[in-house]
Structures are given as structure tokens and as C-alpha cells.
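Below: the structure, in C-alpha cells.
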Amino acid sequence: MLNSIKETRIREDNGLHRITLEVPEKDFFEAYDEVDEHSAYDLLKQYLLYREDDGRPKNVDINYNKNSHIVTITTELHYLGNDHTDYN
């Protein structure tokens, strides 16, 4: 599933990065039962580990568009002042 995610990343003036992950519904629902905040955080954790990204997600939003068959997760990634992020 992690290979089928489309990422869009925007760096904002305040040092934050806003990312949007678009996941095909088929892939999402093979791993998760619900489109909820818990699923969004879990997917973000897995994705960031896969990408070896030390950003810390905050203000997570998840949406499911049944017409386009896409689950979209949007979050801010915080980097400033981070030590190595440990998701375990």
C-alpha cells in the first residue's frame, strides 16, 4: 500500500510542511476498517517510517471521497526542534 500513495508537500513560511496523502480506497480498506483519526495517524506513522521522515504530524484531517475512490489525509509536519522521532 505504501507504494501506491501519492504525496503532495508544501513548505509554508513558518517552517511547517503541509502534506497531503492520497490513498486508493482499495488499498486503504485492505488495511483499515474505518476512515477515522486513529487510522489516519497509524497510516501516517507507517508512511513516515517508510520514508525515513522525522516530521511530527499535527492537525490531521482525513476524508473519503467515494466518487473518486480516494482516501485523503492532510497534516502539518513539524521539524524544528525535533530530536530523532521514535514511533515505536
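The values are calculated or read from the model by the stated rules, or taken from the named source; none is laboratory data. Fair warning: this is a prediction, and the values are worked out from it, not measured in the lab. No Cβ is skipped: glycine too gets one built from the backbone with ideal geometry, and neighbour counts run over all protein chains shown. Accessible surface areas use protein heavy atoms only, side chains included; no ligands, DNA or RNA. Shrake-Rupley method; radii C 1.70, N 1.55, O 1.52, S 1.80 Å.
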Distant-in-sequence amide H partners of V60 (H built 1.01 Å from N, under 5 Å): none
Relative to the Cα centre, what is the charge dipole magnitude of segment 6-79, using +1 at the beta carbon of each Lys and Arg, -1 at the beta carbon of each Asp and Glu, and rounding to the nearest 20 debye? 240 debye
Quick one: what are the phi-derived ³J(HN,Hα) couplings along segment 69-75, Karplus 6.51/-1.76/1.60 with θ = phi - 60°, whole Hz, x for glycine and proline? 6, 10, 9, 10, 10, 10, 8
Phi-based couplings in Hz for segment 39-55 (Karplus 6.51, -1.76, 1.60; Gly and Pro marked x): 5, 4, 5, 5, 5, 4, 4, 4, 5, 5, 4, 4, 8, 6, 10, 8, x
Points 7 angstrom from Cα along the Cβ direction at K26 and K58: gap in nanometres? 3.8 nm
Just from its helices, what would the mean residue ellipticity at 222 nm be for the chain, if runs of 4 or more DSSP H residues each count -39500 (n - 2.57) and the sum is divided by every residue, rounded to the nearest 500 deg cm²/dmol? -7000 deg cm²/dmol
Rg to Rh ratio, the chain, alpha-carbon atoms and Kirkwood radius? 0.96
What figure, in Å² to the nearest 10, do you get for the accessible area of H38 with a 1.4 Å probe and non-protein molecules left out? 140 Å²
If you rank S68, S39 by how much accessible surface each has, with a 1.4 Å probe, what is the order from largest down? S68, S39
Inter-site label distance for N14 and Y50 at 7 Å from Cα along Cβ, in nm: 2.9 nm
